[in-house]
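The structure appears right after this line, and notes come after that.
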There are 2 protein chains.
Amino acid sequence: MANIKDIAKMAGVSVTTVSRVINNHPYVSFEKREAVLRAIEVSKYEKNINAVHLSKGKTFLIGIAIPFSNHPFFALIVEGIANEALNNNYKLVLFQTNYEEFREIEALDMLKQKQIDALIICSRICQWDTIDAYLDYGPIIFCEDTRDKKVSSIFMDHYKSFSKALEYLHFKGHRKVGICVGRRTGFNGEQRILAYRDFLNKINEPFESEYIFSDCYDFENGEEIVQRLINMNNPPSALLVSNDQVAAGIVTCSKEKRISIPHELAIIGFDNQPIAKIMNITTIEIPLVEMGRKLFLRAINNKNISQEEISVKLVERLTV
Amino acid sequence: MANIKDIAKMAGVSVTTVSRVINNHPYVSFEKREAVLRAIEVSKYEKNINAVHLSKGKTFLIGIAIPFSNHPFFALIVEGIANEALNNNYKLVLFQTNYEEFREIEALDMLKQKQIDALIICSRICQWDTIDAYLDYGPIIFCEDTRDKKVSSIFMDHYKSFSKALEYLHFKGHRKVGICVGRRTGFNGEQRILAYRDFLNKINEPFESEYIFSDCYDFENGEEIVQRLINMNNPPSALLVSNDQVAAGIVTCSKEKRISIPHELAIIGFDNQPIAKIMNITTIEIPLVEMGRKLFLRAINNKNISQEEISVKLVERLTV
């Protein structure tokens, strides 16, 4: 495809002259102007929008960094972001990070290099000191509690939500409660483990490390969890599962293994995904689509730093 | 954020001089060079990648036009595209079209304006004469059978797949077969309806327009379909459902209404989504992730036009 240099060459003029013709700048001779216009016509040269962006300093692109591109939790956040982007005529650039630090840095670099107007980080990987170096280059919005930082966020309080779910299980008579989580690291992961430890202290139960199942993300993980439960001498009577897909996997596999839910094993999920409704799973509803919408609006209008907490609610169904 | 004009102003030099310093061009005096470098340092000016792209003519961005951002069918294709983009260090620009023509044109325009290197259209809206005008600007890859066009595609033959499913239902003893589809328009929609009409002709059954349920996309549509079936004097004994989410909705709602599956109503879905596995739904498996992977590779390497058919397979479970 012809670029400005090709056009200049074809027309036998300088790049500056081509640029002047494109931008209707005066001081170009009639002949040179005609030569450039002919060259443009011939080569179907399109005024390169990247050059326009360079002068306007806006791309109307917003970056979204997500760990996985087809995970129901992030898919709902992306749905909210995408709907609001649609309303505001922005496009989205998707950064799938696979929880690899260098991929998050690539996204940060695109912000630094002005290829995107703002970046939404849905599940942070980099340490704050890495992030700090990018804060001057444009809005970076986070999906985690940043009330102790000078950055904007739309977040849910994972400590509070986890505590709420644990207390509900306790209220329903459970003392031997296990948890299934994704990452144990990261701010959200740490908050969940902390809520769990505080809950156990409060009800005077010992901390059993085998009651924590980590790296649980998908339906398929349910099978491994049920298998581990079956092999335990003293299995928990209830599981708090940090995502509905995993909860659905546990419920399905428990049925196959003839473990009665909720009598032998109570399950409470997280998110209120469509699957939780289909399978009648008790869950903590997180308004993820709404969260996505707010993340987007914050990304395009981040004049002041703000942190907004999104509240969750318990949806009682048949698995507790 | 400082741009090249701000730097020039700060350094007391022309924009051309700033540009020369950034690009290590000779013929810049020592003092001017120092002034520019100081100004850059002070204002943290970053060499704008959009300007770099302008000269290199490549953005490493691939556009994906999808009707909905969180639909399981497209989510799996996007997953395949995203995984392969990751392997090749490309980023994705998401165009959610909502099946609105002007939004697809926006995506085409971004290709024309070289903001993306290629465009993958997962479910086309524009007529071919609109598309034709953009074919010279960069690779456009389609998710539909384009064997009669000079454009590349990775596609499944909807006529063949629909026929296969209909014949399976017939083989299982069904003659009164209804279908649930998304759009009735569009090439894929038309192929499905054609396969259905040909099937009815072949088995000498009349075409009943009330046996076609259209605009079925989500789990929620299952409820409406079951309600309509209940109100029919002569309901179909089997339904071919063009997506597993809708099939899952029909199965769930049928259970609530005490309609026995497969005895009173047989269901065959499409895609082999995780939900079909969970709910033991007989379905036609489409390797969507693999399709996405191939779409991406075709987008970045489309020297010759090629059309590749993806084959589907029947997964027998418990709903037929």
antiparallel share of DSSP beta bridges within the protein assembly as shown, to nearest 5, in %, is 15 percent
Unit charges at the beta carbon, dipole of chain B: most positive-side option, B:Ile275, B:Gln115, B:Ser152: B:Gln115
Rounded to the nearest Å, the spacing of the alpha-carbon centers of the stretch A:178-199 and the stretch B:185-259 is 45 Å
When DSSP beta bridges are limited to those with both residues in chain B, what percentage is antiparallel, rounded to the nearest 5? 10 percent
Phi to ³J(HN,Hα) by Karplus 6.51 cos²θ - 1.76 cosθ + 1.60 over the stretch B:121-131, Hz, x for Gly, Pro: 9, 7, 8, 5, 10, 4, 5, 4, 5, 5, 4
Can you tell which of B:Gln245, B:Ile230, B:Asn204 lies farthest toward the positive end of the dipole of the stretch B:196-249, using +1 and -1 charges on the Cβ of basic and acidic side chains (Lys, Arg; Asp, Glu)? B:Asn204
Which residue, B:Leu119, B:Leu295, B:Leu200, has the most motion in a Gaussian network model of chain B that connects Cα atoms within less than 10 Å? B:Leu200
Just to confirm the numbers: B:Leu318, label point 7 angstrom along the Cα-Cβ line, distances to the other copies in nm, shortest first? 1.4
Rounding to the nearest 20 debye, state how big the charge dipole of chain B is about its Cα centre with +1 on each Lys and Arg Cβ and -1 on each Asp and Glu Cβ. 940 debye
Among B:Lys58, B:Lys32, B:Lys164, which one moves the most in a GNM of chain B with springs linking Cα atoms closer than 10 Å? B:Lys32
Using the count of nearby Cβ atoms within 10 Å as a rough guide to exposure, how do B:Leu239, B:Leu61 rank from fewest to most? B:Leu61, B:Leu239
Proxy exposure order for B:Asp132, B:Asp218 (fewest C-beta within 10 Å first) is B:Asp132, B:Asp218
Given labels modelled 7 Å from the Cα in the Cβ direction, how far is it in nm from B:Arg197 to A:Glu264? 5.5 nm
Kindly state, to the nearest 0.05, the FRET efficiency for B:Ser214 paired with B:Ser29, given R0 = 60 Å and r defined as their beta-carbon distance. 0.25
Around A:Pro72: net Lys/Arg minus Asp/Glu count, Cβ-Cβ under 11 Å: -4
If amide H atoms are modeled at 1.01 Å from N in the peptide plane, then the residues at a separation of 5 or more from A:Ala65, or on another chain, having amide H under 5 Å from its own are A:Phe95, A:Ile120, A:Ile121, A:Cys122
Give the lysines whose C-alpha is closer than 20 Å to that of B:Lys255, dropping any in the same chain fewer than 8 places away, or say none. A:Lys255, A:Lys277, B:Lys277
Averaging sequence separations of C-alpha pairs under 8 Å and six or more residues apart, then dividing by the length of the stretch A:4-47, give the relative contact order as a whole percent. 42 percent
In whole Hz, what ³J(HN,Hα) sequence does the stretch B:178-190 give by Karplus (6.51, -1.76, 1.60; θ = phi - 60°), x for Gly and Pro? x, 10, 10, 10, x, 6, 8, 8, x, 4, 5, x, 5
So what are the ³J(HN,Hα) numbers for the stretch B:74-83, from phi and the Karplus equation (6.51, -1.76, 1.60; θ = phi - 60°), rounded to whole Hz, Gly and Pro as x? 6, 4, 6, 5, 4, 4, x, 4, 5, 4
What does the helix-only formula give at 222 nm for chain B: each DSSP H stretch with n ≥ 4 adding -39500 (n - 2.57), the total divided by the residues, and the result rounded to the nearest 500 deg cm²/dmol? -13500 deg cm²/dmol
Lys, Arg +1 and Asp, Glu -1 on Cβ, resulting dipole of the protein assembly as shown about Cα centre, debye, nearest 20: 1340 debye
Run through the other copies and list how far each one's label point is from that of B:Asn204, in nm with one decimal, shortest first; the point sits 7 Å from Cα along Cα-Cβ. 8.2
Under 5 Å, built H, 5+ apart or other chain: amide partners of A:Ala266: A:Ala238, A:Leu239
What does the charge add up to near A:His170, with Lys and Arg as +1, Asp and Glu as -1, over the other residues with Cβ less than 12 Å from its Cβ? +3
Would you list B:Lys112, B:Lys150 from fewest to most Cβ contacts within 10 Å? B:Lys150, B:Lys112
Is there a quick way to get the dipole size of the stretch B:115-159? I mean about its Cα centre, with the Cβ of Lys and Arg at +1 and of Asp and Glu at -1; what is the value in debye to the nearest 20? 40 debye
Connecting every pair of Cα atoms under 10 Å apart in chain B and solving the GNM, the largest mean-square fluctuation among B:Ile131, B:Ile140, B:Ile154 falls on B:Ile131
With the cut-off at 1.5 for a/c, could you classify the stretch B:141-234 from its C-alpha gyration tensor as rounded, prolate or oblate? oblate
For the protein assembly as shown, what does the alpha-carbon gyration tensor say about shape, rounded, prolate or oblate, given a ≥ b ≥ c as the root eigenvalues, a/c under 1.5 as rounded, and a/b over b/c as prolate? oblate
Anchor B:Lys164: lysines whose Cα lies under 17 Å away (excluding residues fewer than 8 positions away in-chain): B:Lys172, B:Lys176, B:Lys202, B:Lys313
Which distances, in nm and shortest first, link the A:Lys9 label point to the same label point in every other copy, taking 7 Å along Cα→Cβ? 3.7
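Laboratory data are not the source of any read-out in this text; all were calculated from the coordinates shown. Just so it is clear, the model here is predicted, and its values are computed rather than measured. Counting neighbours? That spans all protein chains shown, and the Cβs are built from the backbone with ideal geometry, glycine included.
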